[in-house]
Amino acid sequence: NIKSNDFVVVQQDWMRSEFRLRYGVCNIVVAHPSVERLAAAMDDDAQPLNHPFRFFYPAYPRTFKNIEQVLKAARKLEHGSFNRFEVWLTINGTENRYAAGLRKEFSRLTTVKWLGLLPRTEVMRLYEEADCLIFPSKLETWGMPITEFKATEKPILAAELPYAHETVGEYGRAAFFNI
C-alpha cells in the first residue's frame with residue numbers, strides 16, 4: 001500500500017532516494033529525529049589517560065546490530081596481548097538467544113563489560129565517561145547513539161554505510177570501518 005499513502009515518512013535522505021528507486025514513490029518526507037543535547041564534555045587531548053580507553057556501544061541485542069564484530073575485535077586484541085581498553089555493551093546475555101550466544105562465546109574476554117539494559121539517564125551518563133562510541137550496526141533508520149554522542153565532541157567509529165554517514169554529517173571526529 002506504499003503508493004496509496006498520502007506521504008511516506010523516512011528518517012534519512014538516502015532512504016528517500018532508495019524508496020524512489022525501489023518503489024517509484026515521490027511523496028516522501030524526510031523527518032530527522034530530534035535529540036536532547038548533552039553538555040559538551042571538556043576533553044583535553046593532551047592529557048594522558050589514567051584509565052583504559054573506553055569504547056561504548058549502546059544497543060539492544062539484535063543480529064543486525066553486529067555486536068559480534070566488536071567482540072571479535074576485542075578478542076583479537078586480547079590474544080595479541082593488548083588489553084588497555086574496555087568495551088562497554090548494554091547487554092548481559094539474558095535478553096534473547098542472540099545475546100546468550102554472544103555471552104557464551106565471548107564471556108572470557110576481560111576487556112568487555114556486560115552492563116545489561118540501562119535506563120536512558122545511565123546511557124547519557126556513560127556517553128560522558130566513554131572515550132569513543134563504536135557503532136557497527138548493519139541497519140538503522142537513523143543511528144540515534146551517533147547523534148547523541150556527537151555532543152560530547154569525542155571520537156566515533158561507525159559502520160561504513162549510508163545511514164552512518166548521513167547521521168555523522170560534518171562531524172569531524174568520526175571514522176568509518178567496513179562491517
Scanning for something in a helix (DSSP H, G or I) and closer than 27 Å to Asp13 by Cα, does segment 81-98 turn up at least one residue? no
Being without any contact (Cβ under 8 Å) to a residue 60 or more places away in the chain, open to solvent by less than 40 Å² (accessible area, probe 1.4 Å), within 18 Å of Phe55 (Cβ to Cβ) and under 15 Å from the mean Cα position of the chain (by Cα) narrows it down to one of Ile91, Ile134, so name that one. Ile91
Among the residues of segment 100-116, which ones are open to solvent by 90 Å² or more (accessible area, probe 1.4 Å) and within 17 Å of Asn66 (Cα to Cα)? Lys104, Glu105
Here are some residues: Phe82, Phe55. Which one is open to solvent by 40 Å² or more (accessible area, probe 1.4 Å), within 16 Å of the chain's Cα centre (by Cα) and of a type outside the set (Gly, Ala, Ser)? Phe55
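The values are calculated or read from the model by the stated rules, or taken from the named source; none is laboratory data. Just so it is clear, the structure is predicted and the values come from calculations on it, not from any experiment. Here the Cβ is made from the backbone with ideal geometry for all residues, glycine too, and neighbour counts use every protein chain on show. Keep in mind that these areas ignore ligands, DNA and RNA; they rest on the heavy atoms of the full protein, side chains included. Shrake-Rupley method; radii C 1.70, N 1.55, O 1.52, S 1.80 Å.
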